[in-house]
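Novice: Have a look at this one before I ask anything.
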Amino acid sequence: MAENIDDYLEKGMYGAKEINPAEKKKYLGTYRERVLVALTKEEVLSQQFLPELEKAILQSPDSKLLLNGLLHYNSMRPYIKLAEKCKHEFSIVSRLEGETDLYLVLACQKAINKEDIHLYKEETPEETEQEPISLLEKVRKLFD
């Protein structure tokens, strides 16, 4: 009975024991095994992965979008709009500077153990590298 009282007092003073608290801090309150997508501050600010993120959200309707509270609201706004457009759950998570380098996480409620959680820009035909065309060739194509 004494152990139960000690456990009860410890829980009251320090809170419930957590499994892997450092991992939860890094992934905005969730475990790595539940993460579908994770973006750094630079990736979030560039907004270059919005289309890919939308696809990931639509493919995983049971997931939740987590945004780092250190982001300025104007930087969060496109992601909040995306979540609202997709009728998707999102949360703004308060973090201290230096706790994590991640500023956006899309996570499931259950473990999925996805190996690669980063997004990659899908290249459109215009973005793929082409051989340089001389000015003369460009003019010829205009008149063909």
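Read the figures in this text as sums done on the coordinates, not as results from a lab. Source: prediction; values computed, not measured. Note that we place each Cβ from the backbone using ideal geometry, even for glycine, and neighbour counts take in every protein chain shown.
Novice: Given labels modelled 7 Å from the Cα in the Cβ direction, how far is it in nm from PHE143 to LEU45?
Specialist: With each label point 7 Å from Cα toward Cβ, the separation is 4.9 nm.
Novice: Loop sites only, by DSSP: take the chymotrypsin sites (Phe, Trp or Tyr not before Pro) in the chain that have at most 16 other C-beta atoms within 10 Å and name the longest stretch containing none of them.
Specialist: Counting only loop sites that pass the neighbour cut-off, the longest clear stretch is 32-119.
Novice: Follow-up question, since we're still on this one. Given the options MET13, LEU28, LEU39, identify the residue whose Cα lies farthest towards the positive end of the charge dipole of the range 1-44 (+1 on Cβ of Lys, Arg; -1 on Cβ of Asp, Glu).
Specialist: About the Cα centre, the residue reaching furthest to the positive side is LEU39.
Novice: A further question on this structure: Select from the chain the helices, each a whole stretch of DSSP H, whose alpha-carbon atoms run 27 Å or more along the helix axis and whose Kyte-Doolittle mean is at least 1.6; answer none if there are none.
Specialist: TM-like helix candidates: nothing returned.
Novice: Can I ask one more? For the chain, what is the calculated [θ] at 222 nm in deg cm²/dmol (nearest 500), taking -39500 (n - 2.57) for each run of four or more DSSP H residues and dividing by its residue count?
Specialist: Helix contribution divided over all residues of the chain: -11500 deg cm²/dmol.
Novice: Further question: What is the antiparallel percent of DSSP beta bridges lying wholly in the chain, to the nearest 5?
Specialist: Around 70 percent of the beta bridges assigned by DSSP in the chain are antiparallel ones.
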